[in-house]
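Just below is one structure, and these are the notes that go with it.
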Amino acid sequence: METLTLAWKNLWRNRRRTLITLTAMSFSLFLLQTSHNLSFGVYAQMVDSGVRAGSGHVAIYRGDFAQSRDEKLSFAAEGLTEQAANLDRVGHVLPRIYLPGLAQSSRESRGIVLMGVDPQAEAAVNPFWKKLPQDQNIRSLSGRDALIGEKLLNELKIAMGGKFVVTVQHRSGELSSELLRVRGVLRTGLKNVDGGMVMVGRERAAAMGGIPGEIHELAVILRQAEDEQQIYTALGKMVNDRPELRPTPWQEAMPNLANAIRLDYASGNFIFLIILLIVTIGVVNTLLMSVMERIREFGVMIAIGTSPGRLRKLVLAEALIIGFISMVVGTLLGCCSTWYLVAHGIDLRELVPETLEFGGVVFDPVMRAGWDIPWMIEMGLYVIVLCLLASLYPAFKASRIAPAEAMRHR
C-alpha cells in the first residue's frame, strides 16, 4: 500500500503529462470498444438476416448440395422437420426446394431459380417477405400462386396478377411446365433474388421436379445464435443413420457472407494494432520521462539503502495505476457510447441506398451496436497488462542508476 501511495504522488508531480497520457489511453480504449461493439452488432444483424433468408443457422443437406446446388441431391424429409422443430432452442424449421428453370411470358423469357417453400413458415421468418402485404402471400402449398422478383417481373413484361410459364427438368429427364400467376412481388435489393427468383408452394415445386415428399434444404433458425454448436451436434445425431445427409453451419453454406465478415474483422484488427501502439508509446514516454526527471532522487534512495527491486516495484506501481484508471474511464465511455448506439444507432439512410449489399445480404442503413461484454472486459485487462509490459524498460532503467552518477545529474 505504501508503494502505491508513493507511486500515486509521483504521477501527479507532472500533472499535465499524466493527464495527457491518461486521456490518450482512455480515449483509445473507448474508440476500440465502441468500434468493436458497433461491428459486433452490425454483423449480428447481417447474419440474422442472412440465415433467415438463406441456409438458417444450421441446415441439413444431402452430400455437397450447399456448394454444388445440384438439384438431383434432394432427400426425403421423413419426419426430420418435426424432429428438428422439437429440439430445444430451435425457433423455426424451413424445408425448401431449389430448381433451376426458365420463366416465360408472352413477350420475354429469363433463366430463374424456382424455390418451393412453406408459405406460413417463410412469412414468419424470411426477411424477403417483410414488406410483402398480407394479401400477396402464397395461399397454399400446392397452388399456382407465385412470388416473383421485381426486376424479373419487369423483364418479363407482366403485371401483378399476370400469368407466366415456368419450365424445369423433371426427375425423369423430361421437361415439366406449369402456368403460374403472379401473387406478389419481391423487392429485396439483391440482384439474384429480384432478377431471378420465383417462389411457389413447396408441393407445387416438388410435383414439377418429380420429387414428391423430398426437399433440398432443411434450414434451422435458432432463438439464440450462441446455441449453434449445440444444435449442430443434435442434428448430427438425428441424421446419424442416414450417412448421405449432414448438418452444415451457415459459415459453410453462405461463404460469401462469412468471408466478407472475416475480411472486415481483419481490417479492424489493423486499427486495433495501431491503438495498441499508441498506448505503448504513451506509457513508455510517461514513465521513462518520469524516471529521467528523478535520477538524482533515485540515486539518493539507493544511497540510503533502498533496494533496486523496490525502485522497480515503484515504477511498475505507477504503470499499474495509469492502466487501471485508463481501463475504468475508457470502459465507462465505451459503455455509454455502446448504449447510445444500441438504442439509436447511426442512421446512414441519407448517405447510402437502402438496397446496399454486403456479402450477399442487404445492408441495414441504420447501424446498431451490440454488447460484447466479455470482449470489453478482456480489452480493459489487456490495457493494464500492456501498461505493465511497457513499464519494464523504465523500471529496469531506474534500478540500474548508480548513486555517484546520479548525484552529478542535473
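The values are calculated or read from the model by the stated rules, or taken from the named source; none is laboratory data. This one's a predicted model, so the numbers in the text were calculated from it and none came from an experiment. Because the Cβ atoms are built from the backbone with ideal geometry, glycine has one as well, and the counts that use them run over all protein chains shown.
Checked against the criterion of being in contact with a Gly (Cβ under 7 Å, 6 or more places away or on another chain), surrounded by 14 or more Cβ atoms within 10 Å (Cβ to Cβ) and part of a loop (DSSP other than H, G, I, E, B), the candidates 114, 141 yield just one match: 141.
Taken over the stretch 177-195, residues that are more than 24 Å from the chain's Cα centre (by Cα) and among the polar types (S, T, N, Q) amount to 1. For residue 282, the requirement of being over 13 Å from the mean Cα position of the chain (by Cα), at pLDDT below 75 and part of a helix (DSSP H, G or I) is met.
Taken over the stretch 176-205, the criterion of being surrounded by 21 or more Cβ atoms within 10 Å (Cβ to Cβ), part of a helix (DSSP H, G or I) and out of contact with any helix residue (DSSP H, G or I) (no Cβ under 8 Å at 6 or more places or on another chain) is satisfied by 202, 204, 205. Of the residues making up the stretch 57-72, those that are among the small types (Gly, Ala, Ser) and either closer than 22 Å to residue 194 by Cβ or assigned to a loop (DSSP other than H, G, I, E, B) (or both) number 1.
When the stretch 75-122 is filtered for residues that are small (Gly, Ala, Ser), in contact (Cβ under 8 Å) with a residue 12 or more places away in the chain and out of contact with any strand residue (DSSP E or B) (no Cβ under 9 Å at 6 or more places or on another chain), nothing remains.
Filtering the stretch 236-245 to residues that are touching a strand residue (DSSP E or B) at 6+ places or on another chain (Cβ under 9 Å) and modelled with pLDDT under 85 leaves 236, 238, 239, 242, 244. The one condition from (1) within 26 Å of residue 196 (Cα to Cα); (2) surrounded by fewer than 18 Cβ atoms within 10 Å (Cβ to Cβ); (3) of a type in the set (D, E, K, R) that residue 78 does not meet is (1).
Scan 49, 39, 35, 26 and give me the residue that is part of a helix (DSSP H, G or I), touching a residue at least 12 places away in the same chain (Cβ under 8 Å), over 25 Å from the mean Cα position of the chain (by Cα) and under 30 Å from residue 369 (Cβ atoms).
26
The residues of the stretch 144-162 that are of a type in the set (Gly, Ala, Ser) and either outside any strand (DSSP E or B) or over 23 Å from residue 206 (Cβ atoms) (or both), listed by number, are 159, 161, 162. Residue check: is residue 213 surrounded by 13 or more Cβ atoms within 10 Å (Cβ to Cβ), out of contact with any Cys (no Cβ under 9 Å at 6 or more places or on another chain) and closer than 29 Å to residue 100 by Cα? So residue 213 does not fit the description; no. For the stretch 146-175, a residue qualifies if it is surrounded by fewer than 20 Cβ atoms within 10 Å (Cβ to Cβ) and either within 18 Å of residue 209 (Cβ to Cβ) or among the polar types (S, T, N, Q) (or both), and the qualifying residues are 154, 165, 167, 169, 170, 171, 172, 173, 174, 175.
The set of residues in the stretch 16-53 that are of a type in the set (Val, Ile, Thr), farther than 13 Å from residue 337 by Cβ and surrounded by 20 or more Cβ atoms within 10 Å (Cβ to Cβ) comprises 21, 42, 47, 51. Checking the structure you have, find out if any residue of the stretch 90-104 is surrounded by fewer than 17 Cβ atoms within 10 Å (Cβ to Cβ), touching an Asp or Glu at 6+ places or on another chain (Cβ under 9 Å), modelled with pLDDT of 85 or more and not aliphatic (A, V, I, L, M). Yes - at least one qualifying residue is present in the stretch 90-104.
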